[in-house]
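The values are calculated or read from the model by the stated rules, or taken from the named source; none is laboratory data. Not measured: the values here are computed from a predicted model. Using ideal geometry, Cβ is built from the backbone for each residue, glycine included, and neighbour counts are taken over all protein chains shown. In case anyone asks, the SASA skips ligands and DNA or RNA and just uses the protein heavy atoms, side chains included. Shrake-Rupley method; radii C 1.70, N 1.55, O 1.52, S 1.80 Å.
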Amino acid sequence: HLLYSWLAYDPSSLNPWKKGASSSSSTSSSLLFSHREFSMTIEPQPGNEVYIRYQSFPSQVELTSAIIKRRPTKIDIGAVFNHPPKDKNAVSNLQTIQRELVFDIDLTDYDGVRNCGCEGAKICNKCWKFMGMAVEVMDQGLREDFGFEHIAWFYSG
């Protein structure tokens, strides 16, 4: 439920002083979720990857069912569109209306300074500190220099 809540947040609830803002709106939240693109990489046969774009789901239940049915090896969460992305062939003006700002911090970028013996995707407690420092610097900069308030950090592996 946490992931669904994050992906279906009601943007009008972020500013309680804005005229017409509500503290919660299940209609706009479900509309936002149903207009968000998901893409999945599936592997129907070993070594044969298939990338499926423009997937959208009216609810958390449908998304969960699709994940269980397709058993993707990778899921990408995309932008919010003006129409459900799955209807892209039925509409003439599918456009992005909202997306998250994403920074991808890769530990492999620190290979030149890691002195613990790890490289590439290998991670130990010693080199993981580089990721912690990168997040601290980014978090402080985004909050203090740019005024960001709603920040979420994720480890994607």
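Around CYS124, with a cut-off of 15 angstrom between Cβ atoms, what is the net charge of the other residues, counting Lys and Arg +1 and Asp and Glu -1? Spell out each step's value before the answer.
On the way: positive: ARG114, LYS122, LYS126, LYS129; negative: ASP111, GLU119.
Summing Lys/Arg as +1 and Asp/Glu as -1 gives +2.
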Heavy-atom accessible area of LEU2 with all protein chains present, probe 1.4 Å, nearest 10 Å²?
150
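If each DSSP helix of 4+ residues adds -39,500 (n - 2.57) and the sum is divided by the residues in the chain, what number results at 222 nm, nearest 500 deg cm²/dmol? Walk me through the numbers before you get to the answer.
Values: 4 runs with 42 residues, N = 157.
The per-residue figure over the chain is -8000 deg cm²/dmol.
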If the cut-off is a Cα-Cα distance under 16 Å, which aspartates and glutamates reach LYS126, setting aside same-chain residues fewer than 8 apart in sequence?
ASP106, ASP109, ASP111
Determine ³J(HN,Hα), in whole Hz, for all residues of segment 93-106 in sequence, where each value follows from phi through the Karplus function 6.51 cos²θ - 1.76 cosθ + 1.60 and θ = phi - 60°; x replaces Gly and Pro.
9, 5, 9, 6, 10, 6, 7, 7, 8, 10, 10, 9, 9, 9
Counting only residues 5 or more apart in sequence or on a different chain, those whose built amide H sits under 5 Å from that of PHE81 are ARG36, GLU37, ILE97
Once ligands and nucleic acids are excluded and a 1.4 Å probe is used, how much of LEU3 is accessible, expressed in Å² to the nearest 10?
90
Gaussian network model of the chain, Cα within-10 Å springs - most flexible of ASP109, ASP139, ASP87:
ASP109
Mind telling me which of PRO46, PRO58, PRO84 comes out most flexible in a GNM of the chain, alpha-carbon contacts under 10 Å?
PRO46
Projected onto the charge dipole of the chain (+1 at Lys/Arg Cβ, -1 at Asp/Glu Cβ, origin at the Cα centre), which of PHE33, VAL137, CYS127 gives the Cα projection farthest towards the positive end?
PHE33
Sort TYR110, TYR51 from largest to smallest accessible area, using a 1.4 Å probe on the heavy atoms of the protein chains.
TYR51, TYR110
Could you work out the mean projected area of the convex hull around the alpha carbons of the chain, in square nanometres to one decimal?
13.1
Report the residue, chosen from PHE33, PHE81, PHE146, that carries the largest GNM mean-square fluctuation when the chain is represented by alpha-carbon nodes joined by springs under 10 Å.
PHE146
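Please arrange PHE38, PHE154 by accessible surface area, largest first, computed with a 1.4 Å probe and ligands excluded. Don't skip to the answer; put the middle values down first.
Details: PHE38 5, PHE154 140 Å².
Ranked list, largest accessible area first: PHE154, PHE38.
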